[in-house]
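The values are calculated or read from the model by the stated rules, or taken from the named source; none is laboratory data. Every value quoted in this text rests on a predicted model; they were computed, and no experiment measured them. Note that each Cβ is placed from the backbone with ideal geometry, even for glycine, and that neighbours are counted across all protein chains shown. Note: areas computed on protein heavy atoms with side chains; ligands, DNA, RNA excluded. Shrake-Rupley method; radii C 1.70, N 1.55, O 1.52, S 1.80 Å.
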Amino acid sequence: MKKKGKPLAKNDFRPKIFRTKKNDWIGVAGMMLLGALIGFTISLFLPPKYEAISKLTTNLEIVTDTNVTEIMIDSQIDIIGTLVFHPDVVERVTLSLKDQGLSYTSTELLSITKIERQLMSTLIKVRDPNPEVAALIATTWAEEAYGRLSEAYPHALALSEAKAIQAMLTGCLEDPLKMELPFCQSLTSEVVEKLFSETEKVILEESPLSLGLTGELNISQYQPALIPESPVAFQRSILILSGALAGLAFSLLFLELLTKELERD
């Protein structure tokens, strides 16, 4: 003799989805269709966004057997991401795009562009409803950033050299071991004072022109952006699917609430 299953207690919960009738599923399908239609309507007012990516490759010379840490290296490479948004670079991008028939303000360009790190490279990502425009802006940004940072690199070399000379002079004056070196022995107080004065002048002049670059940190190359083929946001099919899923969730919730109301009555 088979045992009967334990009857449900009064307070046991059974979702309506397990007790739906044929007419209920028709209502669910109708709500999903309505949600998909709403998603399609939204897609007509929200054009898809395409993302183009250009790349700046960083060349960083690491001196071994020193106290240089990984955090220090990362902080140096992060400077490139900051310099991509330097006012000089943004202005050059704006003017270059204007010459190519695209009129953007600096604020508009900054709102559609973001920077990401990828190991030793800096990615410039630009989003726009037109894939060709997105690729053009990203490529122009990489070109202008590369050009501006290349202009700053000679100043960075002069700055690094001046600081290296000061470091050698300080070592000759303070480090007992270095005082015995022929170079240090050949220095006179007048020469030391003159070199300190000249290097200090170079440091003051070259620091703002170097844009934070150093002799060991520079941009080796840039890669133009390819024209993106698929949108990354506001894709019509995704909006329609999201609308249909929202309709499904809403209809199931409505059936559950309606069932509870009927059971109370």
Note, region 143-160: 3J(HN,Hα) by Karplus (6.51, -1.76, 1.60, θ = phi - 60°), whole Hz, Gly/Pro = x, goes 4, 5, 5, 4, x, 5, 6, 5, 5, 7, 5, x, 5, 5, 5, 5, 5, 5
Along the Cα→Cβ direction, 7 angstrom out, place labels at residue 229 and residue 245. What is the inter-label distance in nm?
2.5
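Taking R0 as 41 Å, what's the FRET efficiency between residue 108 and residue 216 from their Cβ-Cβ distance, rounded to 0.05? Walk me through the numbers on the way to the answer.
Details: r = 35 Å, r/R0 = 0.87.
The pair residue 108/residue 216 has a calculated efficiency of 0.70.
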Using a Förster distance of 35 Å, how high is the FRET efficiency between residue 99 and residue 41, based on the Cβ-Cβ distance and rounded to 0.05?
0.35
Round to the nearest 10 and report in Å² the accessible area of residue 190, as given by a 1.4 Å probe over the protein chains' heavy atoms.
120
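Determine the gain in length on full extension of the stretch residue 207-residue 166; use 0.36 nm per residue of separation and subtract their C-alpha separation, reporting nm with one decimal. Before the final figure, lay out each step's value.
Numbers: separation 41, 0.36 × 41 = 14.76 nm, distance 1.48 nm.
Gain on stretching residue 207 to residue 166: 13.3 nm.
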